[in-house]
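See structure below.
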Amino acid sequence: MNKILSQRFATSPRLELQHGDWLKQGMGAKTVKFDIGQGGLPPEVNWEDKAAAIGLIKSKTGKALASLLVWGDNELYDWSESFDDVVNHLAANMIKYCLEDDRGAPKSKYTLNELAYKMARMTLHFELYNLWPLYSVEGRLLFSGINMSASSYSQIWSKYQEKMLHDLDYLIGFINQDVDNYRHNLTLANS
């Protein structure tokens, strides 16, 4: 991954995990401690507890997004499945929103499903790397392989991008709530 891009990864305020530092701390390779909990002390929280916090997130899409945010900047982590889970969720929601608005496929060469998928990929990618201020609408479309005029996108389709961003906000809220509940229960169990 490009060093400049990797420095921007997960810097968007919208994707800030309330317990992100706690989740990331100690998640790399480290020496195993076999004497945990000896001497009457409660066991310390380790990487397994933090991985369990992500594993116990109730929403599959939330779990995928949390995995992306915690491990996505690690070059050894293959995050394509998690990325695709979030993209598919955003695209499915966009299609639902379009149907509610009686919005059909664009007059360009895309079906509604194809456009929703391309827009979801663009939205997630730009949000993960906080690229919004660096690209014009035309630049975003070109970068994302969406063959559409910037004016058509801005007038008709950008509201669905905003709804996807709202959906990401919503997912982050659920992730934060589930991890907070897990940490609370972990504290109770260790006290």
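The values are calculated or read from the model by the stated rules, or taken from the named source; none is laboratory data. Keep in mind it's a predicted model, so treat the numbers as computed, not measured. Virtual Cβ from ideal backbone geometry, glycine too; neighbours counted across all protein chains shown.
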Long-range neighbours under 8 Å by Cβ, at least six apart or interchain, first residue closer than 15 Å to residue 123 by Cβ within the range 75-88, second hydroxyl-bearing (Ser, Thr, Tyr) and at pLDDT 95 or above
85/61; 86/61; 87/117; 88/117
Kindly list, by first and then second residue, each pair from a residue in the range 92-117 that is in contact (Cβ under 8 Å) with a residue 40 or more places away in the chain to a residue that is buried (at least 17 other Cβ atoms within 10 Å of the Cβ) and in a loop (DSSP other than H, G, I, E, B), limited to pairs with Cβ atoms under 6 Å and residues at least 6 apart or on different chains.
108/148; 115/106
Can you tell me which residue within the range 143-190, out of those that are crowded, with 17+ Cβ neighbours inside 10 Å and acidic (Asp, Glu), is farthest from residue 96 (Cα to Cα)?
178
